[in-house]
Each structure stands twice: as structure tokens, then as C-alpha cells.
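*Asks:* Submitted below is the structure of interest, expressed as C-alpha cells.
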Amino acid sequence: MRAAPSGEALPLPTRSVSAPGAGRALPVRATLAAAIAVGLAAAAWRLSGEPGGARFALSLVFGALFGFVLQRSRFCFYCQWRDYLVGSDPRGMLGILAALAAGVAGYAVVLGAWMPDPSGTRLPPDAHIGPVGPVLILAGLSFGAGMAISGSCISAHLYRLGEGSPTAPFALLGTGLGFVLGFVSWNPLYLASLSEAPVLWLPRHLGYGLSLALSLALLAALAWPLLRRLPAPEAPTRVDPLRAVFVLRWPVWLGGLAVGALGTLAYLRVGPLGVTAEIGGRARQAAGALGLLPDRLEGLDTFRGCATAVRDALLTPNGLFIGGLVLAAFAAALIADQFRPALPTRGQVVRGLTGGVLLGWGAMTGLGCSVGTLLSGIMAGAVSGWVFGFAMFAGAAAMLWFGRRTGLLA
Amino acid sequence: MLRKPALLLTIAAGILVPTGLSAAPDPAAKPLKDGATREARSNTSQESPLVSTEWLEKNLDARNLRIVEVSVEPGVFERGHIPGAQNVVWHTDLVETVSRDIAGPDKFTALARRLGIDGDTTVVLYGDNNNWFAAWGAWVLAQYGLVDNVKLLDGGRKKWEAEKRPLDTRNAEVAPSTFTAQAPSPKLRARFADVLAVAKRERDEQILDIRSPDEFSGKVIAPAGIQELAIRAGHIPGSVNIPWSKAVNPDGTLKSKEELKALYAAAGIDGSKPIITSCRIGERSSHSWFVLSRILGYDARNYDGSWTEYGNAVGVPVVNLAGTVWGGK
């Protein structure tokens, strides 16, 4: 595999002349990026010194690393899927499969140590293993459609926020609204279906070895047709290593391996990767304060996944994770000269908000998004991760097909 | 092109990495003071229901010692526990999951055997949240006859972590025991009828309610965010209110015996009468039960039905100082 040249297939917004940072000399951008890195490190150091602050500090660091990796490799579920469907380039999807393969193996090592016997009734602590049923499929379809309309999934909107994307703020706002709609529709869905949906964890039925083998075999089966469509390799060029790390786009498989490793390490030390707990928790808090929520959300807090417990603390691990993600993506984009803020067009506002609502509803009822439910779920051996993943990609493909046919989506 | 920013980042990293490391002192490098050693020795005596963190770290490899963590937050044990500790999940391992009761003899036998606990094994319990559920564990173990050999780690997880003592993520492998549980002793557990008799002044005992003052007065039915509620707010007539946290120092350790004696004596509890501890579900109150029963040696029982049983009962006397109606005004 080669390092793709900078800017390849990047859906970057048009360059805005007045944008701060854009086009500025490298020393200015690098100094700003270094200041952000130092600020993040100082914040982590400060947090780690407070009693019980190690978890906060680690969340911030993992968030920053995740943001850096996402930005550098443009690890975006929808873009990779679209590149394959429209541009016939399978490299991005292979990167996602690489992330899953690395994470599945890493999780197996951790879980085997934590729960030597997976066969009982217990689930591994806070692993994202959710109920499997029609609601999960609906959630995946909605999330996928939301990705196609808004241009990416929630985690990618977060790192794009750091790139100055004009769509991302509206998509994230829409996500918050979608979460509120999810909460409002939760009780009927829970009583009609979710309460009886089985929570399926592969290692409980197969043991760790077979579960790992089955997951890897599935990933290999998915990779096989993609590998056959790889473009011809280009002649290797000598690249300055610093330029390869900080400026050029990383090959997605490299980002994928890093995501798999980060997922494992984050689970070992803090919790599974996920980006919606904070958004959902804050949306729940705000909607509760406005009296929009039902008095009781039946059974919600007993499920695994991106917990949306009402936040009353200023700092939460997931909040710090998100903060680190956005800031590190901003710093990475600055160095790579990919920070291109622009004024949003009306189309971007509408697509961001409508897509965001679908993303939020899907992430709420699916108990997580492409990171929390799909990545962290599949890594943990959850059937819910696979089901959500297939539904999500199907929903995105269907919406993309419909959008291109009607001329609404590019 | 990139040399300068890279240099900046390298310098920043170079400055930060050493300071980050120096912020975490090496616990092994800290020599134990004489006082600590003496305390450790005195802790080994069978009489004390508490062990210190110093003592535990020195005795981690002791043959007849079982360390058991009972924490509330999931994943806390797995991400790092005291080396050699085993995990007990209070809301599935220590209780019946369908009916509301402590774990029955069969379930408890299986648990004790898995943990390698026998009648002569020293068991050190600890956990998060100031040992709340570790104390609950001690109360359940005591009902099955495991009393004097069961200790709490003074300060719990909080102190162990604050002192930067080592944690481990591996599972301890212990030889299963042959313990067989008999029917639990009723002497350490108060039932609804006992409490009602005290409320109606048919029996001369004292009730210690360890909930927050707002729960006790009836201003709120339960702490914020709690779903399991009672239909009425207030407290059992004749009970006195000393929140559990008053028995604890800021570092998580229990106050001295003299301080504890004075704390409860100020509310009229001096051990001259039998005491019943109560809260919302009987779990925070087991912390105060441990203090009264094991540290001060008073005749104390824990009422695990607590306010979620009493406050839901029909036709019982209730005191509601706040004057709330159905939890509101």
C-alpha cells in the first residue's frame, strides 16, 4: 500500500479567502497546532493530578489520539462507502475492515483476561452489546440515510468540525434534535419490541476462540471481493516521513489499524470507544429541562451501549473524549493545511439538519453510532454491532441511490 | 518545510513527558515509617475489623487471605484491582435476583466456594464509594457466620488509589473452598415487624436512619436520579438521623473509635439498647451497621427493607417533618 497523495478525493469545502488560518504560512499554523497539543497535554496532566482524575485524563488523551487518527486518515464510514459505490475504490472500506479485525483481536485478549468464562449470564463490563431486533435494523437504516444526507457519520462530523466544515455544526445540532425524537419514541419501541429483543454475545455461545475465528472469517469474506477490485499499485515514491505523518493523507488501512488498537486500549483503561454518550446525555438533560421527555424512559438505563444518563457534572469522560477529538482534529488539520472554514450554504444547513436528525434518532434507538455500536460492538463480539453495521451501510446505499436519482445528492 | 513544526512538537513533548512522569511518585520508593509498621502489626490481630492499606500491601501474598472487591460501578474491578483480589457483583452475587432477599444458602455456598472462603480464612473486603457495598458484603457474610474473620480495608479503593499503590488487571486463581452455608442467622437482620414494633413503641429499641437530612425530613422521597421509590416520604417514628458519611474522614477511612462513639452518643445511641440501622434499600445503612456492630461492638441489626419497604407499607405510622403530600406540597 502506498500513501495517497494529499487532498486525494477529499470533499473539502471551497477555499474561503478570508478564513483565518487558511493559506497562512506554515510557521503560524504549526505554532497554533503545537499550542493546542501543549494545551491538551497540560489539561491531561492537570486532570491526572486530581483525585480520581486519571480516567478523565485518559479520556482526553484517547479522544485526542482518535481525532488525530480520524483526521489524518479521513476515517469516515460514509466517505469510504461512497468511494466504493460511486468511485469503485475499495481501499477505504478495507480500512474499516482492518480496524474491526485489529479491534476484534485486541478485545479478545482483554475480555479473555477479564472474564475467563464467558458462558454464564453475565456480560463483560460496559462492553457495547445491545439488543438485536427490528428496532436495531430501523436504527441502522436511519443512521445510514442520515450519513448519506449529511455527508458523514457523527464521528466524522466531529473531526470535520475541527476542519472548519460548514455542514458539521448543523449536522451535530440535528443529531441533538434526533436524540430528543429518539427519547420521545423510546417507550413505545421498548414496550413493543426492545424489551423482548435478545442481547446476543458471540463468546457466550462460541467461546472466545471460535468467536474470534468467526468474526475474522466474516471480515475476510467481506474483504475478499474488495481486494479483487483494488486499483493497480502506483510506483513507490520517496516521501519525507514527517510529511507522510502530518500532511499527506494516511492510507485508510493504517488509520484502521490505529483505530483498532485505540479501541482496545480505550476499553482496557476507560471504556469502549463511542462519541454519542455525551451528545445524547446533554440532549436528554436539555429535553428534560424543557419538559419534552416522558417521565420514565423504560429500561433505557439498563441497556449497554452509549449510555445517555442525564449529565449533571460539568466534566464527563465522554465529554472530554469529544473535546479532545475535535481539538486534535483541528490541530492536525492546521498543520496539514486542511482547516478551511467557510460560510454554510442553505443546502448545507438543510442537509446537515435533516441528515443530523436521522443520525441522532438512529444513534439513540440503536444505543450508539458507527463508532459505539458498530466498531465497539463488533470488536466485543456483539451481534448487535454486525446487524447495525449491515443496516447502516444498506441505509446509506439506498439513500445515496435515491438522492443521486432525484438529483438531490451528489 | 516541516522541520520547524516538528521541532516545536518535539520540544513540547520533551518538556511535558518528564514532568508527567515526575508527577507520579513511585510508591515502591516510599519507605514506610515506623508508625506505619506498628500499625500494620496491630492490624494483624484478629480483633480489629479493619485492616490498613499498608498492612494489606505487605500481606498480599499471605496464604490464608482472600481479598474481595465489591464495587458499584461496573468495570472498576476489571480495569485494575488490588493484586490478588476477586470480584463480587453485589446486585447479582449477594442477592436473589428475582425475589427481594439476600443470596440464599445455596447461592451463597457456591459464591464462598468460588472465592475460596472458609470459616478460618481471613477475608478483606473493599470497594468504591467508601466501601458501601463492601460493608453490605460484610453484613451478608456475617449472616452466614463469617464475622470475625471478615475485615474491611480502611479507606477502601479510594485510599488505595490515592496512595498510588499497585493495581492488577489479572484474575486471581484461588483454590475453591468446601464451605457450606447453613440458614442465615436472623440476629443481624431486622424485619418489617421488628421495625413496626419499635415505631409503635411496643419494643424499646433505637432506629438509626442514615439517609440524607432531606430524605429523613420528607422533603424528598429518594436521592436525585433514583427510580426505586416509596409512596410516602418521611421516616419511621422514633428514628434518629445521622447520615452515614459522618462516620468517615475525608480520605475515606473511618473515624476513630472515640470519635464514632461521641458521634452516635450525641444522638442518644450509646449501645445501651439494641439498634436497628435503616436507609432506602439497606445498603448505605450496612456501612453504619458495620461501624456500630463491628467497630463499637454494639448490638446492631440492619433493616434491609428500609424505606422502600416501610414507606410503601399500608397503615403504618410515619413522621413527615417537611409536610409533603405524595412527595410534593
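*Asks:* Count, for each residue of A:395-402, the Cβ atoms from other chains sitting within 10 Å of its Cβ, then give me the mean as a whole number.
*Replies:* Numbers: counts 0, 0, 0, 0, 0, 0, 0, 0.
Going residue by residue through A:395-402 and averaging, the value is 0.
*Asks:* Cβ under 9 Å from B:Lys273's Cβ, B:Lys273 left aside: what net charge do those residues give with Lys, Arg +1 and Asp, Glu -1?
*Replies:* Working: positive: none; negative: B:Asp204, B:Glu205, B:Asp270, B:Asp299.
Around B:Lys273, the charge tally is -4.
*Asks:* Is there a quick way to get the dipole size of chain B? I mean about its Cα centre, with the Cβ of Lys and Arg at +1 and of Asp and Glu at -1; what is the value in debye to the nearest 20?
*Replies:* Working: 40 positive and 39 negative charges, 119 e Å.
Using only the charged Cβ atoms, the result is roughly 580 debye.
*Asks:* Would you please give the residues with an amide H less than 5 Å from that of B:Asn302, counting only those at least 5 places away or on a separate chain, with H modeled from the backbone geometry?
*Replies:* Here the answer is B:Arg189, B:Ala190, B:Thr277, since their amide H atoms fall under 5 Å of that of B:Asn302.
*Asks:* Among B:Thr324, B:Ile276, B:Gly297, whose Cα projects farthest towards the positive end of the dipole of segment B:271-325, with charges put on the beta-carbon of Lys, Arg (+1) and Asp, Glu (-1)?
*Replies:* Towards the positive end, the residue furthest out is B:Gly297.
*Asks:* Taking Cβ-Cβ under 4.7 Å as the only way to count a partner, pick out the unpartnered cysteines of chain A.
*Replies:* Singleton cysteines: A:Cys153, A:Cys306, A:Cys369.
*Asks:* Could you check the spin-label model distance between A:Leu290 and B:Lys255? Points 7 Å from the Cα along Cα→Cβ, value in nm.
*Replies:* 4.7
*Asks:* Compute the relative contact order of segment A:245-358 as a whole-number percentage, counting only Cα pairs closer than 8 Å that sit 6 or more residues apart in sequence.
*Replies:* Values: 52 pairs, mean separation 33.7, N = 114.
Over segment A:245-358, the number comes to 30 percent.
*Asks:* Same structure again: Most exposed first by the Cβ proxy, i.e. fewest other Cβ within 10 Å, how do A:Thr276, B:Thr121, B:Thr97 rank?
*Replies:* Values: A:Thr276 31, B:Thr121 19, B:Thr97 12.
Listed from fewest to most nearby Cβ atoms, that is B:Thr97, B:Thr121, A:Thr276.
*Asks:* Which longest uninterrupted range of chain A lacks any GluC sites (Glu not before Pro) assigned by DSSP to a loop state (not H, G, I, E or B) and surrounded by at most 16 other Cβ atoms within 10 Å?
*Replies:* Details: sites that count: A:Glu8, A:Glu234, A:Glu298.
Longest stretch, sites excluded: A:9-233.
*Asks:* Follow-up question, since we're still on this one. Could you tell me the distance between the Cα centroids of segment B:71-117 and segment B:128-156, to the nearest Å?
*Replies:* Taking the Cα centre of each part, segment B:71-117 and segment B:128-156 sit 12 Å apart.
*Asks:* For segment A:189-285, which trypsin sites (Lys or Arg not before Pro) pass both filters: DSSP loop (anything but H, G, I, E, B) and at most 15 other C-beta atoms within 10 Å? Numbers along the way, then the final one.
*Replies:* On the way: sites: A:Arg204, A:Arg228, A:Arg229, A:Arg238, A:Arg243, A:Arg249, A:Arg269, A:Arg282, A:Arg284; in loops: A:Arg228, A:Arg229, A:Arg238, A:Arg249.
Loop-located and lightly packed - A:Arg228, A:Arg229, A:Arg238.
*Asks:* Using the structure shown, list the pairs from B:Lys261/B:Lys329; B:Lys187/B:Lys246; B:Lys219/B:Lys246; B:Lys58/B:Lys273; B:Lys107/B:Lys151 with a Cα-Cα distance above 30 Å, or answer none.
*Replies:* Numbers: B:Lys261/B:Lys329 38 Å; B:Lys187/B:Lys246 26 Å; B:Lys219/B:Lys246 20 Å; B:Lys58/B:Lys273 39 Å; B:Lys107/B:Lys151 22 Å.
Violating the 30 Å limit, Cα to Cα: B:Lys261/B:Lys329; B:Lys58/B:Lys273.
*Asks:* With all pairs of different alpha carbon atoms counted, what Kirkwood hydrodynamic radius in Å does chain A show? Numbers along the way, then the final one.
*Replies:* Details: mean 1/r = 0.0467 Å⁻¹.
After inverting the mean inverse Cα-Cα distance, the result is 21.4 Å.
*Asks:* I need the calculated FRET efficiency for the pair A:Ala217 and B:Ala62, taking r as the beta carbon distance and R₀ as 45 Å, to the nearest 0.05. Kindly include the intermediate steps, with their values, before the conclusion.
*Replies:* On the way: r = 47 Å, r/R0 = 1.04.
Rounded to the nearest 0.05, the efficiency is 0.45.
*Asks:* Under the Kirkwood approximation for Rh and a Cα-based Rg, what ratio Rg/Rh is obtained for segment B:179-281? Let's see the in-between values first.
*Replies:* Details: Rg = 15.4 Å, Rh = 15.4 Å.
Ratio of gyration radius to Kirkwood radius: 1.00.
*Asks:* How large is the convex hull of the C-alpha atoms of the protein assembly as shown per residue, in Å³?
*Replies:* Working: hull volume 131.0 nm³, N = 739.
Convex hull volume per residue, Cα atoms: 177 Å³.
*Asks:* Between segment A:294-328 and segment A:147-220, what is the separation of their alpha carbon centroids in Å?
*Replies:* Cα centres, segment A:294-328 to segment A:147-220: 14 Å.
*Asks:* Which loop trypsin sites (Lys or Arg not before Pro) in segment A:22-83, with loop taken from DSSP, have no more than 16 other Cβ atoms within 10 angstrom of their Cβ?
*Replies:* For trypsin sites (Lys or Arg not before Pro) across segment A:22-83 that sit outside H, G, I, E and B with at most 16 neighbouring Cβ atoms in 10 Å, the list reads A:Arg24.
*Asks:* Another question about this same structure. Based on Cα coordinates alone, diagonalise the gyration tensor for chain B, multiply each eigenvalue by 5, take square roots, and list the semi-axes in whole Å, largest first. Mind dumping the intermediate values first?
*Replies:* Details: eigenvalues 299, 133, 81 Å².
That gives 39, 26, 20 Å for the three semi-axes.
*Asks:* Where the centre of each part is set by its Cα atoms, how far does segment A:338-377 sit from segment A:41-107, in angstrom?
*Replies:* 16
*Asks:* Choose one of A:Ala277, A:Leu248, A:Leu191: the residue whose Cα lies farthest towards the positive end of the charge dipole of the protein assembly as shown (beta-carbon charges +1 Lys, Arg; -1 Asp, Glu; about the Cα centre).
*Replies:* Highest projection toward the positive end goes to A:Leu248.
*Asks:* What percent does the relative contact order of segment A:345-410 come to when contacts are Cα pairs within less than 8 Å and at least six residues apart?
*Replies:* On the way: 30 pairs, mean separation 9.6, N = 66.
Contact order relative to length: 14 percent.
*Asks:* Taking chain A as a Gaussian network, where each spring joins two C-alpha atoms under 10 Å apart, which residue of A:Ala64, A:Ala42, A:Ala380 fluctuates the most?
*Replies:* A:Ala42
*Asks:* Once you average over the residues of A:30-42, how many Cβ atoms of partner chains fall within 10 Å of each Cβ?
*Replies:* Details: counts 9, 3, 1, 3, 10, 2, 0, 5, 7, 1, 1, 7, 4.
Averaged over the peptide's residues, the number is 4.
*Asks:* Moving on. Please report, largest first and rounded to whole Å, the three semi-axes of the ellipsoid equivalent to segment A:301-410, where each semi-axis is the square root of five times an eigenvalue of the C-alpha gyration tensor. Before the final figure, lay out the partial values.
*Replies:* Working: eigenvalues 135, 111, 43 Å².
Calculated on Cα positions only, the semi-axes equal 26, 24, 15 Å.
*Asks:* Hey, another quick one. Can you give me the convex hull volume of the Cα atoms of segment A:332-378, divided per residue and expressed in Å³? Each step should come with its number before you reach the end.
*Replies:* On the way: hull volume 4.5 nm³, N = 47.
For segment A:332-378, the hull spanned by Cα atoms encloses 96 Å³ per residue.
*Asks:* Comparing A:Ile335, A:Ile322, A:Ile149, which has the greatest mean-square fluctuation in the GNM of chain A with Cα pairs linked when under 10 Å apart?
*Replies:* Maximum fluctuation in the GNM of chain A, among the listed residues, is at A:Ile335.
*Asks:* A further question follows. Rounded to the nearest 20 Debye, what is the dipole magnitude of the protein assembly as shown about its Cα centre when Lys and Arg each give +1 and Asp and Glu each give -1 at the C-beta? Walk me through the numbers on the way to the answer.
*Replies:* Numbers: 69 positive and 55 negative charges, 474 e Å.
Dipole of the protein assembly as shown, to the nearest 20 debye: 2280 debye.
*Asks:* Then there is this: Pick from B:Ala190, B:Ala230, B:Ala162 the residue whose mean-square fluctuation is largest in a GNM of chain B, springs joining Cα atoms under 10 Å.
*Replies:* Per the Cα network of chain B with a 10 Å cutoff, B:Ala162 tops the list.
*Asks:* Using +1 at the Cβ of each Lys and Arg and -1 at the Cβ of each Asp and Glu in the protein assembly as shown, identify which of A:Gly407, A:Leu70, A:Ala363 lies farthest towards the dipole's positive end.
*Replies:* Farthest towards the positive end: A:Gly407.
*Asks:* Here is a follow-up. Between Rg and the Kirkwood Rh of segment A:21-104, both from Cα atoms, what is the Rg to Rh ratio? Intermediate results must be reported in sequence, preceding the final value.
*Replies:* Details: Rg = 17.5 Å, Rh = 15.5 Å.
The Rg/Rh ratio comes out at 1.13.
*Asks:* Would you compute the Debye intensity of segment A:214-283 from its alpha-carbon atoms alone, equal scatterers and no solvent, and pass along log10 I(q)/I(0) at q = 0.16, 0.24, 0.26, 0.27 Å⁻¹ to two decimals?
*Replies:* Taking Cα atoms of segment A:214-283 as identical point scatterers yields -0.93, -1.12, -1.16, -1.17.
Here, each number is a calculation from the coordinates, and none is a lab measurement. Only a predicted model underlies this, so the values are computations on that prediction, with no experimental measurement involved. Virtual Cβ from ideal backbone geometry, glycine too; neighbours counted across all protein chains shown.
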